[in-house]
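Single-structure report; data block below.
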Amino acid sequence: MSWQIRIEHSTGYRYASAVLSSYNEVRIIPQTAAAQLTLEATVRTEPAATTYRYWDYWGTQVTAFDLHTPHTELVVTGRSIVQTASAPVRPTDTPTWDQLASDPVADEFVEYLRPSASTGDDPALVEAARDLAARHSPSEFIPAVGDWVRERLTYRPGTTGVHTAAVEAWQQGEGVCQDFAHLALVLMRAAGMPARYVSGYQHPSASAEVGETVAGQSHAWVEGWIGEWWGFDPTNAVPAGQQHVVVARGRDYNDVPPMRGVYSGGASTSLGVTVNVTRLA
């Protein structure tokens, strides 16, 4: 079963004094891949700016722009229509743990096996990962990691920020989808499974009515390599499927922020982020 989803994502900032120049990059255009097709995608800015696009090292499409007209507010809005597919069946003909530990796998996926800025390891987490791996095959391991994470983290918005590391969220026992994904990545990599962070959007309702616009959300989940990449959402305990829209992949959040930039001007205040999603088919 496939869905067609329209997404509108708006991010805004207000500045204490006029910004004279700013340089920005935005990652909000959904990817086109085997299980997902982006039919339309635009990014607009207020004030208006000339934009250009490129693909970064991790394969994410980046919209870049700079502004040199004094302004006290900046609003960036992305609109896209995406066709998604049902969650793929979890692979069963998968490598063994010994095969995952082989030199060819380690060489190819070295960047997805090492700790990163937000997914640093911890002795207790390494021990937990090895215990889970001893009791589960690689195919069973990813959902088992999701169960382990949900038993230890309570979903609570506002308790962590984009720079919160996995170990910090684990120690305080609460966080948001980003923290669930980061903690899952720590365990997967500690067990020797290549794993990457996925950012995008999630339609909140599996039984969504066609044509109804609802408040959606930016979302994060993980993919583990078990002979092929397989996506799993540890926050919601489901494989990534038709409700999930992939925008970016990387080692952790720091590789895929929706918006990043530098500017010359007064202190900034966020005007908030809104995501509206509509199931079209």
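Residues in region 228-259 that are under 15 Å from Ser199 (Cβ atoms) and either modelled with pLDDT under 95 or of a type in the set (Asp, Glu) (or both): Asp233, Asp252, Asp255. Check region 57-66 and report whether any residue there is open to solvent by 40 Å² or more (accessible area, probe 1.4 Å), in a loop (DSSP other than H, G, I, E, B), at pLDDT 95 or above and over 23 Å from Tyr253 (Cβ atoms). No, region 57-66 has no match at all. Against the conditions (1) under 19 Å from the mean Cα position of the chain (by Cα); (2) farther than 19 Å from Gly231 by Cα, Arg150 satisfies every one except (2).
Of the conditions (1) open to solvent by 30 Å² or more (accessible area, probe 1.4 Å); (2) touching a residue at least 12 places away in the same chain (Cβ under 8 Å); (3) not in a loop (DSSP other than H, G, I, E, B), Ala117 clears all except one; give me its number. If we test Ala117 against (1) open to solvent by 30 Å² or more (accessible area, probe 1.4 Å); (2) touching a residue at least 12 places away in the same chain (Cβ under 8 Å); (3) not in a loop (DSSP other than H, G, I, E, B), just (3) comes out false.
Applying the criterion of at least 2 residues that are charged (D, E, K, R) to the helices (runs of 4 or more DSSP H) found wholly in region 122-176 leaves 123-135, 138-152.
When region 232-256 is examined, which residues are found to be small (Gly, Ala, Ser) and either part of a loop (DSSP other than H, G, I, E, B) or surrounded by 23 or more Cβ atoms within 10 Å (Cβ to Cβ) (or both)? Correct list: Ala237, Ala240, Gly241, Ala248. If you go through region 257-279 one residue at a time, do you hit one that is of a type in the set (Gly, Ala, Ser), part of a strand (DSSP E or B) and buried (at least 19 other Cβ atoms within 10 Å of the Cβ)? For region 257-279, residues of a type in the set (Gly, Ala, Ser), part of a strand (DSSP E or B) and buried (at least 19 other Cβ atoms within 10 Å of the Cβ): absent. Across region 220-230, the number of residues qualifying as part of a strand (DSSP E or B), in contact (Cβ under 8 Å) with a residue 40 or more places away in the chain and either open to solvent by 10 Å² or more (accessible area, probe 1.4 Å) or among the aromatic types (Phe, Trp, Tyr) (or both) comes to 3. Select from region 201-217 the residues that are assigned to a strand (DSSP E or B) and of a type in the set (A, V, I, L, M, F, W, C) and write down the one among them that is surrounded by the fewest Cβ atoms within 10 Å (Cβ to Cβ). Going through the qualifying residues, I end up with Ala215.
Considering only residues in region 15-38 that are under 23 Å from the mean Cα position of the chain (by Cα) and exposed (fewer than 14 other Cβ atoms within 10 Å of the Cβ), the one that is modelled with the lowest pLDDT turns out to be Ala34.
The values are calculated or read from the model by the stated rules, or taken from the named source; none is laboratory data. Keep in mind that what you see is a predicted model, and the values were worked out from it rather than measured. FYI the Cβ positions are ideal-geometry reconstructions off the backbone, even for glycines, and counts take in every protein chain you see. The accessibility values were calculated without ligands, DNA or RNA, using every heavy atom of the protein model including side chains. Shrake-Rupley method; radii C 1.70, N 1.55, O 1.52, S 1.80 Å.
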